[in-house]
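Below is one structure, written out as structure tokens; the observations come after it.
The values are calculated or read from the model by the stated rules, or taken from the named source; none is laboratory data. Note that the coordinates shown come from a computational prediction; the quantities given were computed from them, not determined experimentally. Here Cβ is always computed from backbone atoms with ideal geometry, including for glycine, and neighbour counts include all displayed protein chains.
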Amino acid sequence: MPNPLPERAQRAVFIGLIIVLVAFGLYLSFGGFGPDADEEGPAAAPPESETSQGQQGTRGSGGPDALSTVEPSPIPTTAADDVNVLDWFPFTEEDLRAAGATASAFAEAYGTIDYTQSPESYYASMEELATNEFADVLSETSRVGAFWDQMSEAEAVAEGRATVDSMRTFGEDSITFVVTAQSITETADAEFDEELGEFAVTVVRSGDSWRVFDFQPADVGQFGGEE
């Protein structure tokens, strides 16, 4: 049977083992091999990555503070003296002329009366220039019917004249003109010029032509589109 180690030697061995275990434990704790080391390392990277992605998203969002990598393309400008103001309208010059001619022709027809003819013939000259809806109400006394009643009672024969003074307003397919109308009237007693005054004449596009949508004294006529 082997001789046991002396008591002093046993203590030395035991103390040595304790020192080795403590040293190994400290090494594991501070040497990067702990159980949280592998999880904390990769987990620390995403916040920085998310911030970078957020900054890139802001730059490409098109906001007022965004920085563009595309070279700017300045819009062309035109000197004030070279501007074609007709480009600001949704109509060509031909459109404006045709629309104005329709408004003027209607006012001329309004002022042209022959009491010896039927009222239907008087209205017909305007109906062919009007929209279907307006043609149906022309003969009403609140429209042009009152003028026929007045002139036929005076047994008048009148020639209408008209001129476009200005364009009051416009829409995509409508224009309101201010037109001065005149009726050169001849009666049994005298011949005289009658100024009928200013009228607001609204015309609307109808295919390739224009039709009168409304006709009223300028001070009560339309100030907008098709009201």
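Ala181 falls short on exactly one of the conditions (1) in a loop (DSSP other than H, G, I, E, B); (2) touching a Gly at 6+ places or on another chain (Cβ under 6 Å), and that condition is (1). Scanning the stretch 194-216 for residues that are in contact (Cβ under 8 Å) with a residue 24 or more places away in the chain and either more than 20 Å from Glu128 (Cβ to Cβ) or under 25 Å from the mean Cα position of the chain (by Cα) (or both) yields Glu194, Leu196, Glu198, Ala200, Thr202, Val203, Val204, Arg205, Ser206, Trp210, Phe213.
The single condition from (1) modelled with pLDDT under 95; (2) crowded, with 18+ Cβ neighbours inside 10 Å; (3) over 16 Å from Val203 (Cα atoms) that Phe147 fails is (2). Only a single criterion out of (1) surrounded by 15 or more Cβ atoms within 10 Å (Cβ to Cβ); (2) more than 31 Å from the chain's Cα centre (by Cα) is not satisfied by Ile175, namely (2).
Condition check for Tyr123 on (1) on the phi < 0 side of the Ramachandran plot; (2) in contact with a Phe, Trp or Tyr (Cβ under 9 Å, 6 or more places away or on another chain); (3) surrounded by fewer than 17 Cβ atoms within 10 Å (Cβ to Cβ): one failure, at (3). Arg211 meets all of the listed conditions (1) more than 27 Å from Phe91 (Cβ to Cβ); (2) in a strand (DSSP E or B); (3) not hydroxyl-bearing (Ser, Thr, Tyr) but one, namely (1). For Ser152, the conditions (1) among the hydroxyl-bearing types (Ser, Thr, Tyr); (2) under 27 Å from Glu120 (Cβ atoms); (3) assigned to a strand (DSSP E or B) all hold with the exception of (3). Phe134 meets all of the listed conditions (1) assigned to a strand (DSSP E or B); (2) under 28 Å from Ala98 (Cβ atoms) but one, namely (1).
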